[in-house]
Amino acid sequence: MTDPLLIPCPHCNGLNRIPAQRLGDAPKCGRCKAGVLLSTPFDLTQGDYASQIKGDLPLLVDVWADWCGPCKSFAPTFAQAAAQLSGKCRFAKLDSEANPQLSGQLAIRSIPSLILFKNGREVARQSGALPLQQLLGWLRGHGIA
Ligand SMILES: [Zn+2]
């Protein structure tokens with residue numbers, strides 16, 4: 001038996017303990033009963049940030065803004081990666097305009113920017129959009145496949 005994974009709920013920020021062998025069974029949040037693992041990106045906000053970067057499943061954050069053309073072009077690629085890596089990595093979108101304080105805290109200088117977190121710490125960062133295969137390769141390089 002391996003230790004359960006700690007995974008924050010994308011809906012209520014509750015921290016769940018989920019056995020690794022249950023990851024494929026659409027685990028439900030102990031607090032709000034919604035699904036803990038999504039196959040689509042969820043919206044990250046300033047208020048959720050501290051809770052959502054925690055846990056044993058990596059969190060990939062796509063920092064974007066509504067006025068940014070390359071960000072919009074990249075959105076479908078990010079969504080495809082989220083669908084392919086459900087249960088292995090969590091995918092969130094951070095609207096830099098709506099969350100200026102958090103964007104400042106993360107020292108965002110250009111968008112789109114991708115920031116990978118694990119166990120509450122930033123482990124990698126990529127500036128600019130990537131094609132799907134390169135994005136998957138970049139994640140593989142950080143142990144996510
Ligand atoms: Zn929940």
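The values are calculated or read from the model by the stated rules, or taken from the named source; none is laboratory data. Fair warning: this is a prediction, and the values are worked out from it, not measured in the lab. Cβ placement follows ideal geometry from the backbone for every residue including glycine, while neighbour counts extend to all protein chains displayed. Protein only, heavy atoms only, side chains kept; ligands, DNA and RNA dropped before computing areas. Shrake-Rupley method; radii C 1.70, N 1.55, O 1.52, S 1.80 Å.
Go through the range 110-120 and count every residue that is without any contact (Cβ under 8 Å) to a residue 60 or more places away in the chain and under 27 Å from residue 15 (Cβ atoms).
Counting residues in the range 110-120 that are without any contact (Cβ under 8 Å) to a residue 60 or more places away in the chain and under 27 Å from residue 15 (Cβ atoms) gives 4.
Enumerate the pairs (first residue in the range 124-145 and without any contact (Cβ under 8 Å) to a residue 12 or more places away in the chain; second residue anywhere and open to solvent by 70 Å² or more (accessible area, probe 1.4 Å)) with beta-carbon separation below 6 Å, excluding pairs fewer than 6 apart on the same chain, so at least 6 apart or on different chains.
none
Going by what's in this entry, would residue 24 be described as part of a helix (DSSP H, G or I) and not aliphatic (A, V, I, L, M)? Break it down into steps so the answer makes sense when it comes.
Working: part of a helix (DSSP H, G or I): yes; not aliphatic (A, V, I, L, M): yes.
When the stated conditions are applied, residue 24 passes them.
How many residues does the range 19-77 contain that are more than 25 Å from residue 121 (Cα to Cα), more than 16 Å from the ligand (Cβ to nearest atom), open to solvent by 50 Å² or more (accessible area, probe 1.4 Å) and modelled with pLDDT of 95 or more?
Of the residues in the range 19-77, 6 are more than 25 Å from residue 121 (Cα to Cα), more than 16 Å from the ligand (Cβ to nearest atom), open to solvent by 50 Å² or more (accessible area, probe 1.4 Å) and modelled with pLDDT of 95 or more.
Would you point out the residue of the range 82-95, among those that are surrounded by fewer than 22 Cβ atoms within 10 Å (Cβ to Cβ) and within 16 Å of residue 129 (Cα to Cα), that is farthest from the chain's Cα centre (by Cα)?
Among those residues, the one meeting the criterion is 95.
Restricting the range 112-143 to residues that are of a type in the set (S, T, N, Q) and at negative phi, which is surrounded by the most Cβ atoms within 10 Å (Cβ to Cβ)? It would help to see each step written out before you state the result.
If we filter the range 112-143 for residues that are of a type in the set (S, T, N, Q), which is where we start, we get 113, 119, 126-127, 133-134.
In the following step, the residues that additionally are at negative phi were identified as 113, 126-127, 133-134.
Numbers: 113: 22, 126: 16, 127: 13, 133: 9, 134: 12.
Per the criteria, the residue is 113.
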